[in-house]
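Asker: Got a structure for you, questions after.
The values are calculated or read from the model by the stated rules, or taken from the named source; none is laboratory data. The structure presented is a predicted model; accordingly, all values stated were derived computationally and were not measured. Because the Cβ atoms are built from the backbone with ideal geometry, glycine has one as well, and the counts that use them run over all protein chains shown.
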Amino acid sequence: MPELLTYFQSQRDQMVETLTRLVEFETPTKDKALVDKLGHYLEEEFRALNASSVTRYPLDGAGDVLLAKWNENAPGKPIMFLIHIDTVWPEGTLAERPVTIDSDGRLFGPGAIDMKGGITVVLSALRGLQALNQMPNRPIWVLMTTDEEIGSVYSSPIIKELCVQTGLVLVMEPATIDEALKTQRKGVATYRVDIEGLPSHAGNAPEKGINAITELAQQVLQINSFNDLRRGVSVSVTMVEGGSATNVIPAHVTAYVDTRAITSEQWNETDEQMKSLLPFVPGAKVAVERINGHIPMERNDTMQRQYAQCKRIGEAQGLTMREDSSGGGSDGNTVASLGVPVLDGLGPQGDGLHALHEHVVLASLPRRSTLIAAMLKEWVCD
């Protein structure tokens with residue numbers, strides 16, 4: 001068995017302790033105080049791991065972002081880990097579902113797989129390389145963000161500013177259920193559609209009103225026609241709000257639309273379709289706004305080269321390497337859209353993202369730590 005894998009397997013108990021400790025910090029995105037508590041803890045961890053510097057980016061609307069650096073004056077472009085510490089779970093979830101480990105070696109807990117398992121892998125890989133005196137003389141960065149679960153609204157400019165300075169970005173989102181990396185992610189966009197009509201009494205003068213819900217019904221049919229599932233394009237009306245009273249012709253309706261696409265061309269085509277919606281009902285007004293979006297992370301030539309090198313490094317360590325795609329977006333989409341080399345899904349194996357059965361397969365932690373450590377030692381940037 002290769003040396004690195006043997007070593008990290010011997011460190012599994014410590015990894016379980018690290019993961020448990022991280023999960024026990026509750027970090028709902030919109031609770032800045034709670035998120036910053038974990039941020040302060042990780043800043044201490046980075047410094048204990050001999051980071052040459054830790055820079056704080058203060059944010060008002062979310063937890064502060066941190067950038068930790070090792071060997072920052074070494075030659076070459078940095079390898080940057082992209083991690084996020086926020087979760088979808090509200091404060092109090094841990095009391096309802098405390099950390100548990102079942103007989104199959106799965107650790108359950110809110111935020112365990114998304115993405116405190118990935119953070120555990122980064123910390124364990126750095127700790128192991130230092131313990132083995134094998135820390136490579138290359139710049140290594142860890143960017144810790146705090147608002148990924150709401151689309152990285154606040155941290156996206158920081159991500160963009162830093163990732164273009166790197167030679168490779170490793171997104172520590174979880175691996176697939178089969179422990180595969182994610183070399184393709186669909187692009188995602190959410191649209192708000194506002195329809196304005198005219199109120200009127202539904203009994204005395206319905207003909208004097210302009211029914212916003214009737215207009216919406218026509219728009220939903222139009223929006224549904226944008227689907228092309230065989231090509232991987234999905235367009236779904238997911239939320240609707242409107243009307244004021246049961247006896248009033250509705251004057252306003254708001255609908256939200258989720259769109260997904262595999263290629264940038266498809267993503268842009270759907271964007272144009274959504275923004276070109278026109279009213280059907282005379283007098284109605286339709287306004288469309290894209291409120292968030294991630295351009296697709298495509299499995300292009302650059303991605304295939306990165307995965308091929310990762311596969312060679314992993315297999316040399318005795319690891320079984322796989323790749324897969326995802327229908328969801330991540331910060332990896334943002335990085336890829338800038339033409340920066342990126343690999344996603346470097347976190348551990350598990351399942352149940354945003355679900356009650358969220359868990360990490362503990363046996364995968366040493367394997368992923370081995371892969372990350374080997375990549376830091378051997379990676380050749382384009």
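Asker: Could you please tell me which pairs satisfy a Cβ distance under 8 Å, a separation of 6+ or placement on different chains, a first residue in region 48-72 that is on the phi > 0 side of the Ramachandran plot, and a second residue that is part of a loop (DSSP other than H, G, I, E, B) and surrounded by fewer than 19 Cβ atoms within 10 Å (Cβ to Cβ)?
Answerer: Pairs found: ASN71/SER52; ASN71/PRO136; ASN71/ASN137; ASN71/ARG138.
Here is a yes/no grid of residues against (1) of a type in the set (D, E, K, R); (2) in contact with a Leu (Cβ under 6 Å, 6 or more places away or on another chain); (3) assigned by TED's automatic domain parsing to the domain that holds LYS37; (4) at pLDDT 95 or above:
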{"site": "THR100", "(1), (2), (3), (4)": "no, no, yes, yes"}
{"site": "GLY105", "(1), (2), (3), (4)": "no, yes, yes, yes"}
{"site": "LEU123", "(1), (2), (3), (4)": "no, no, yes, yes"}
{"site": "ASN133", "(1), (2), (3), (4)": "no, no, yes, yes"}
{"site": "ASN137", "(1), (2), (3), (4)": "no, no, yes, yes"}
{"site": "MET144", "(1), (2), (3), (4)": "no, yes, yes, yes"}
{"site": "ASP147", "(1), (2), (3), (4)": "yes, no, yes, yes"}
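Asker: Could you go through region 6-18 and let me know if any residue there is more than 17 Å from THR145 (Cβ to Cβ), of a type in the set (Ser, Thr, Tyr) and surrounded by fewer than 17 Cβ atoms within 10 Å (Cβ to Cβ).
Answerer: Taking every residue of region 6-18 in turn, at least one turns out to be more than 17 Å from THR145 (Cβ to Cβ), of a type in the set (Ser, Thr, Tyr) and surrounded by fewer than 17 Cβ atoms within 10 Å (Cβ to Cβ).
Asker: Moving on. Restricting to region 1-21, name every residue that is more than 18 Å from ASN133 (Cα to Cα) and of a type in the set (A, V, I, L, M, F, W, C).
Answerer: Answer for region 1-21, where residues must be more than 18 Å from ASN133 (Cα to Cα) and of a type in the set (A, V, I, L, M, F, W, C): MET1, MET15, VAL16, LEU19.
Asker: Scan region 143-164 for residues that are surrounded by fewer than 18 Cβ atoms within 10 Å (Cβ to Cβ) and within 17 Å of the chain's Cα centre (by Cα) and jot them down.
Answerer: Matches in region 143-164: ILE150, VAL153, SER156, PRO157, ILE158, LYS160.
Asker: If you don't mind, another one. Of the conditions (1) closer than 30 Å to SER152 by Cα; (2) in the same structural domain as SER156 (by TED's automatic domain parsing), GLU315 clears all except one; give me its number.
Answerer: Going through the list (1) closer than 30 Å to SER152 by Cα; (2) in the same structural domain as SER156 (by TED's automatic domain parsing), GLU315 breaks only (1).
Asker: Looking at GLY203, GLY167, GLY187, can you tell me which residue is surrounded by fewer than 18 Cβ atoms within 10 Å (Cβ to Cβ) and under 30 Å from PRO279 (Cα atoms)?
Answerer: GLY203
Asker: Answer yes or no as to whether LEU278 is over 30 Å from ALA212 (Cβ atoms), out of contact with any strand residue (DSSP E or B) (no Cβ under 6 Å at 6 or more places or on another chain) and either assigned to a helix (DSSP H, G or I) or not assigned by TED's automatic domain parsing to the domain that holds MET172 (or both).
Answerer: So LEU278 does not fit the description; no.
Asker: Still on this structure, I have one more. Answer yes or no: is there a residue in region 61-68 that is of a type in the set (Asp, Glu), under 30 Å from ASP178 (Cα atoms), buried (at least 17 other Cβ atoms within 10 Å of the Cβ) and modelled with pLDDT of 95 or more.
Answerer: Within region 61-68 (the criterion being of a type in the set (Asp, Glu), under 30 Å from ASP178 (Cα atoms), buried (at least 17 other Cβ atoms within 10 Å of the Cβ) and modelled with pLDDT of 95 or more), the answer is no, since none of the residues qualifies.
Asker: Related question: In region 19-60, which residues are farther than 19 Å from VAL99 by Cα, of a type in the set (S, T, N, Q) and out of contact with any strand residue (DSSP E or B) (no Cβ under 6 Å at 6 or more places or on another chain)?
Answerer: Once the filter is applied, which keeps residues that are farther than 19 Å from VAL99 by Cα, of a type in the set (S, T, N, Q) and out of contact with any strand residue (DSSP E or B) (no Cβ under 6 Å at 6 or more places or on another chain), region 19-60 yields THR29, ASN50.
Asker: Here is a follow-up. Restricted to region 75-88, and to residues that are touching a strand residue (DSSP E or B) at 6+ places or on another chain (Cβ under 9 Å) and surrounded by fewer than 22 Cβ atoms within 10 Å (Cβ to Cβ), which residue is farthest from GLU149 (Cα to Cα)?
Answerer: Out of the qualifying residues, it is LYS77.
The rows are residues; the columns are (1) of a type in the set (A, V, I, L, M, F, W, C); (2) out of contact with any helix residue (DSSP H, G or I) (no Cβ under 6 Å at 6 or more places or on another chain); (3) within 30 Å of ILE101 (Cα to Cα).
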position: VAL281; (1), (2), (3): yes, no, no
position: ALA284; (1), (2), (3): yes, no, no
position: VAL288; (1), (2), (3): yes, no, no
position: ASN292; (1), (2), (3): no, yes, no
position: MET303; (1), (2), (3): yes, yes, no
position: CYS310; (1), (2), (3): yes, yes, no
position: GLU358; (1), (2), (3): no, no, yes
position: VAL361; (1), (2), (3): yes, yes, yes
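Asker: Follow-up. Please state which one of ILE119, ILE113, ILE140 is surrounded by 16 or more Cβ atoms within 10 Å (Cβ to Cβ), more than 17 Å from the chain's Cα centre (by Cα) and among the β-branched types (Val, Ile, Thr).
Answerer: After applying the criteria, what remains is ILE140.
Asker: Do any helices (runs of 4 or more DSSP H) lying entirely in region 284-382 carry at least 1 residues that are closer than 21 Å to TYR7 by Cβ and touching a residue at least 40 places away in the same chain (Cβ under 8 Å), and which ones are they?
Answerer: The helices (runs of 4 or more DSSP H) meeting that bar are 301-316, 364-378.
Asker: Report yes if some residue within region 39-48 is assigned by TED's automatic domain parsing to the domain that holds LEU123, within 21 Å of the chain's Cα centre (by Cα) and surrounded by 16 or more Cβ atoms within 10 Å (Cβ to Cβ); otherwise report no.
Answerer: Taking region 39-48 and keeping what is assigned by TED's automatic domain parsing to the domain that holds LEU123, we get 39-48.
So of that shortlist, the ones also within 21 Å of the chain's Cα centre (by Cα) come out as 39, 42.
Right, trim to surrounded by 16 or more Cβ atoms within 10 Å (Cβ to Cβ) and you get 39, 42.
Yes, the conditions are met somewhere in region 39-48.
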